[in-house]
1. So which trypsin sites (Lys or Arg not before Pro) in segment 1-63 pass both tests, a DSSP loop state and at most 15 other Cβ atoms within 10 Å of the Cβ?
2. With a 1.4 Å probe and all protein chains in place, put Y13, Y79 in order of accessible area, largest first.
3. As a test of the definition: which semi-axes, in Å, follow for segment 24-76 when you take the square root of five times each eigenvalue of its alpha carbon gyration tensor? Largest first, please.
4. Using helices alone, I'd like the mean residue ellipticity at 222 nm for the chain: each DSSP H run of four-plus residues gives -39500 (n - 2.57), total over residue count, nearest 500.
5. Under the Kirkwood approximation applied to all pairs of distinct alpha-carbon atoms, what is the hydrodynamic radius of segment 1-42 in Å?
6. What's the angle, to the nearest 10 degrees (0 to 90), between helix 19-33's Cα axis and the longest principal axis of the chain?
7. Give me the percent of accessible area attributable to carbon and sulfur for segment 9-92, probe 1.4 angstrom.
8. Between (1) 0.99; (2) 2.91; (3) 2.74, which matches Cα Rg over 2.2 N^0.38 Å calculated for the structure shown?
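The values are calculated or read from the model by the stated rules, or taken from the named source; none is laboratory data. Since we're looking at a predicted model, the values are computed, not measured. Here the Cβ positions follow ideal geometry from the backbone for every residue, glycine too, while neighbour counts run over all protein chains shown. Each accessible area value is taken on the protein alone, full model and side chains, heavy atoms only, with ligands, DNA and RNA left out. Shrake-Rupley method; radii C 1.70, N 1.55, O 1.52, S 1.80 Å.
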Amino acid sequence: MIFDKAGNTTIVYQENISLKQFIENLNKSYQNIKNDHLIINLFSFSKITSNDILEFLQLSNTHRAANKSFVLVTNKVEYDQVPHEICLVPTIQEAKDIIEMEEIERDLDL
């Protein structure tokens, strides 16, 4: 698992493993990154479905309940194919933009 930290945001990505193993590794590493906003880069997975995205729901809910952003990035699944509780965008830049907007909302208590 590779972590790319910039400020209070960490981008997480992994090469050459199954999605199941990636999620297991993410859960094991979570204590080390739980205080950061998280961008989960899923571009290395050539085949990913909306059902695969649902595997992140519990971790997403936990992270967002702690007032931290949790954004999944892939262009293989459309955002309208997943529940609204999961933040899914097609690019890393959009993920960064979402985090910036959510930080402003938190600062304004929206």
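1. Details: sites: K5, K20, K28, K34, K47; in loops: K34, K47.
Within segment 1-63, the qualifying trypsin sites (Lys or Arg not before Pro) (loop, at most 15 other Cβ atoms within 10 Å) are K34, K47.
2. Values: Y13 70, Y79 160 Å².
I get Y79, Y13, largest accessible area first.
3. On the way: eigenvalues 77, 26, 22 Å².
Listed largest to smallest, the semi-axes of segment 24-76 are 20, 11, 10 Å.
4. Values: 4 runs with 45 residues, N = 110.
Theoretical 222 nm ellipticity from helices: -12500 deg cm²/dmol.
5. Numbers: mean 1/r = 0.0960 Å⁻¹.
Its Kirkwood hydrodynamic radius stands at 10.4 Å.
6. Helix 19-33 and the main axis of the chain meet at about 30 degrees.
7. Values: 1990 of 4490 Å².
Roughly 44 percent, rounded to a whole number.
8. The value computed from this structure is option (1).
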